[in-house]
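Below is one structure, written out as structure tokens, with a few remarks after it.
Derivation of every value follows stated rules applied to the coordinates shown; laboratory data play no part. Bear in mind that the values here come from a model prediction, so they are computed numbers and not experimental data. Cβ: placed from backbone, ideal geometry, glycine included. Neighbour counts: every protein chain shown.
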Amino acid sequence: RMRIAINTGGGDAPGLNAVIEAVVLSAYNKNWEVYGIKQGYHGLLDTEDIIRLDPNKVRNISNLGGTILGTTNKGNPFEMPVENIAGEVEKRDLSDRVVQNFHRLGLDCLIAVGGDGSLKIAHDFHKKGIPVIGVPKTIDNDLSGTVVTFGFDTAVSIATEAIDRLHSTAKSHDRVLVVEVMGRNAGWIALNSGVSGGAKVILIPEIPFDMDLVCEKIMEGEVMGERYAIVVVAEGAVPLGGRIVHKGSGEAGRQEVVLGGIGEVVAQSIAAKTGKDTRSLVLGHLQRGGSPTTFDRLLALRFGAMAIRLVEEGKFGHMVALAPPNVSSVPLEDAIGTSKQVPMDSDTLRTAKDIGISFGAPE
Ligand code: F6P
């Protein structure tokens, strides 16, 4: 009788509960036990905050946002910030404690649901003797090895709906509305929502932008009688010829001095250069909250069921992946460590250009 542990790590993404539901129900069908580890790896550190998950606890949670297990992106057990007796915070490697607790609890394997950071930790634990299966999660879609991650479709849908709503207010006031979306160092959310929502300009990290070209595009619309515009800016977008110092809505923007979100920087520049009445907004964590779309829910259920199949096959050290039309698996090490950005031959990118959307760069 297998005893399977499952945890969710890093930023939450819609679909996490669907993975948990499918893992528990599939395992139950095999007469296996599933234990949920709370708050990423924390439940295996001091607190041993672990709950037995049976079908009654998880049935029909697939439509719930967030994660019933909780998550954290502050606790890498390999370099855990701990306060020493002098009151200073130092990083300590507490991974042995996690491994010991794992074995002491009689657990056989761990299904780690996470993005790049959490799956890297999972891979390190795999190397330390914990049999691990990874399940890819992130709204940013920046994980290699899988065509898409769950959470992404929901984030794009929320951003698209927001852009749709901005059209009417922007049009009524002849304004430029700049909307900053998440995505870390990848432009997937900005690209897909910007194209779907009819943005005039989309700025993504993969294509450094030139403010003059952004403004040219806006003024070109003006001449044609289209006196308003929506500009979608990925939080990790950077101007041509250098790094901008800004505070994004998340991680990508936190690397440097705080000056305001990149969306606001772009908005101020548009107002100054074109004289257009311009406003900006940051969508932020709205993009992660609430129910998953049907696509994400189904993908997450498929990922969860596949994780149990991989346990059965003994394919530890692998990550579940979407390779349409099927769900397959790839070695964990092939998925982690590189941020998957929008390739320049992306069909969506090409479509955007074909329908006249500008990326603030020469064609
Ligand atoms: O990786 C998901 C994500 O939402 C990014 O898009 C964003 O940069 C970051 O997490 C925000 O992190 P936090 O929730 O810690 O603010």
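Would you list 240, 322, 283 from fewest to most Cβ contacts within 10 Å?
Working: 240 14, 322 19, 283 22.
Fewest to most other Cβ atoms nearby, the residues stand as 240, 322, 283.
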Tail fraction, Cα-Cα pairs, region 174-215, threshold 15 Å, whole percent: 43
In order through region 212-220: 3J(HN,Hα) via Karplus (6.51 cos²θ - 1.76 cosθ + 1.60), integer Hz, x for Gly, Pro: 5, 6, 4, 5, 4, 5, 5, 6, 4
Highest to lowest packing among 10-17, 346-353, scored as the average C-beta count within 10 Å: 10-17, 346-353
Label-point separation, residue 2 to residue 309 (7 Å along Cα→Cβ), nm: 1.3
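Provide 188, 32 in ascending order of the number of other Cβ atoms located within 10 Å of each residue's Cβ, fewest first.
Values: 188 29, 32 18.
By the 10 Å Cβ count, ascending, the order reads 32, 188.
Roughly speaking, what is the stretch gain from residue 347 to residue 333, that is 0.36 nm per residue apart minus the C-alpha to C-alpha distance, in nm to one decimal?
Working: separation 14, 0.36 × 14 = 5.04 nm, distance 2.73 nm.
Here the answer is 2.3 nm.
How long is the gain from residue 210 to residue 172 if the chain were fully straight, where each residue apart is worth 0.36 nm and the alpha carbon distance is subtracted? Don't jump to the answer; show the numbers that get you there.
Numbers: separation 38, 0.36 × 38 = 13.68 nm, distance 2.77 nm.
Length gained between residue 210 and residue 172: 10.9 nm.
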Computed [θ] at 222 nm, deg cm²/dmol, the chain (DSSP H ≥ 4; -39,500 (n - 2.57); rounded to nearest 500): -11000 deg cm²/dmol
Proximal charge balance of residue 226 [Cβ under 13 Å; K/R count +1, D/E count -1]: +3
Label-to-label distance, nm, for residues given as residue 54 and residue 99 (7 Å Cα→Cβ offset): 3.4
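Using r as the Cβ-Cβ distance of residue 222 and residue 294, and R0 as 35 Å, what FRET efficiency do you calculate, to the nearest 0.05?
Efficiency, rounded to the nearest 0.05: 0.30.
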Cβ-placed point charges (K, R +1; D, E -1), dipole of the chain about Cα centre in debye, nearest 20: 840
Pairwise label distance in nanometres, residue 79 with residue 285, each label 7 Å out on the Cα-Cβ vector: 2.5
Exposure proxy order (Cβ contacts within 10 Å, fewest to most) of 96, 210: 96, 210
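Count the DSSP beta bridges whose two residues both fall in the chain, then state the antiparallel fraction as a percent rounded to the nearest 5. Could the numbers behind the result be given before it?
Details: 15 of 48 bridges.
Taking every DSSP beta bridge with both residues in the chain, the antiparallel ones total about 30 percent.
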Long-range tail of P(r) for the chain (Cα pairs > 37 Å, %): 26
Euclidean distance of C-alpha centroids, region 1-69 and region 171-229, integer Å: 40
